[in-house]
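Working notes, structure below.
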Amino acid sequence: MTIKRTPVLAARQHRSATVFMGIIVLILASGWTAQHALSAARWDAEVTGRLSYVWLTLFVIFLIQTLLYHLERPRRVTDRVARQLDALHVAILMPVYNEDPGYLRLGLESFLRQTRLPDSVHIVDDGSTTSEYAEVREWWQRAAAQRGVSTTWQRVTNQGKRHAQAHGVRASPEAQIYVTVDSDSCLAPNAIQEILAPFARPRVQSAAGIVIATNNRANLLARITDLWFVTSQLVDRSGQSAVGAVMVNSGPLAAYRAEVVRDNLGSYLGETFMGNTVMFSDDSLLTLYAQERGLTVQQPSAIVFTAMPEKWSHFTRMYLRWMRGSTIRSVWRMRYLSPARPAFWLHLMRWFQMVMTQVVTVWLLVVEPVAYDNLPPLSMVWVPFLLGWALGLRYLSIIRSDERIRSRALTWVMMPLAIVMAWTVLRWLRWYGIFTCARTGWNTRQNGAEVALDTPPAPVAA
């Protein structure tokens, strides 16, 4: 295998008044469409009364979320504080299992291109069966030494991602901040510098980065997944971050105070649910540990590229794993989080919103037509699409070095496809994941990497 130096992937968030005004206009248009639809249906006062309190409650929740995510700002630090953060020992933990060598190499190169280099990088091959990565390992150890970055590379018996991370933790007793990444993570050049900034506040225990797809133009599924995932981070998680209550950090890039990881390592490795060892949802468990100690935030200027599923079977397994993990984590939040924590109430609000949205959908599509002979007007179909386009404008705030804005605008236009997918297939998968949450196995990459990097992404011409 010939190893060549790949182009630098970079991205940044651009906060624009144009995007903000576009969101306001589309939200108002959505409200007008809903009002017009209700009027067109000629519903009487009794029918309107059946739904008025539900509509009002959901609208208030929506307004609160909109306000919160617009309050989020990237943390900035003074030169003096920056020097204090530079003095911290930052260790990257990278577990590897049956990863594509191209993606692995891309990520390792990104560590050495950081504006603030990590102090150490700990790679743990969790018993991969498809490769021993001999050439990548040889290159990495030489390149890391040249850049003055301490590193370890261990190959261990397969026990799962958490145990692989634990090997890295034990190899880095001097670490003060742990940065967790996946084996296909490619950090933007300033990612480590940016994700350290929130730790200038002593109460901050963890920070999440923004995850975008390396392969976002591979096919339609990858585009829609990137649109849906980036928008959810810049809406839902940004709102949580505004009050220091991020509930789930993403695996491709997150940072924790070392004590959060070390002090909870035993329970992290030994988590069980309904008698079964939990093999997934590791990031949300680390976030829960951090929530118990202080604030959990998102740093929207810390960006990481990662590989998104290109096949529906891969996406389905990933989403079911997320939904099962989310259900387990909800049980633990109710049990362990104090009601004094904002995360406790945000968690309850999310469940209330999910259940009420389901109830409203069933009521409009089933109860009203069957019980009251009152069909909802077709014009109401535009409401979720307009809201989706409004929220999706946040997607356009991410500027990438490898993609022109017209390509990203094309993805944004596809928001109705993401809405339809969310309201049909993903809704069914969500409930299926909830009812099958006792299935706690990882169930992926058993036969090798599911996404391969054939050609590294190249920056677009200026």
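Only the coordinates and a few stated rules stand behind these numbers; no lab work does. Quick caveat: nothing in here was measured; it's all calculated off a predicted structure. Cβ placement follows ideal geometry from the backbone for every residue including glycine, while neighbour counts extend to all protein chains displayed.
Modelled spin labels at W139 and T436, positioned 7 Å past Cα toward Cβ, are 3.9 nm from each other. In terms of other Cβ atoms within 10 Å, Y256, Y289 run from fewest to most in the order Y289, Y256.
Mind pulling up the Rg/Rh value for region 301-444? Radius of gyration and Kirkwood radius, both on Cα.
Working: Rg = 18.6 Å, Rh = 18.4 Å.
Answer for region 301-444: 1.01.
Of all DSSP bridge pairs formed entirely within the chain, close to 35 percent run antiparallel. Here region 133-243 was treated as a single set of alpha-carbon atoms; its pair distances binned every 10 Å from 0 give 10, 31, 36, 22, 2 percent. Expressed in Å, the radius of gyration and Dmax of the Cα atoms of the chain are 22.7, 76. With contributions of -39500 (n - 2.57) from each DSSP H run of at least four residues, the per-residue ellipticity at 222 nm computed over the chain stands at -15500 deg cm²/dmol.
Within the chain, which complete DSSP H helices have Cα atoms spanning at least 20 Å along the helix axis and a mean Kyte-Doolittle hydropathy of -1.0 or higher?
17-40, 45-71, 312-336, 342-362
A Förster distance of 35 Å, applied to the separation of the beta-carbon atoms of H14 and V370, puts the FRET efficiency at 0.10.
Once the mean 1/r over all distinct Cα pairs of region 324-397 is inverted, what Kirkwood radius in angstroms do you read off?
Every distinct Cα pair counted, the radius reaches 15.4 Å.
The eigenvalues of the Cα gyration tensor, multiplied by 5 and square-rooted, give region 44-199 an equivalent ellipsoid with semi-axes of 42, 23, 14 Å from largest to smallest.
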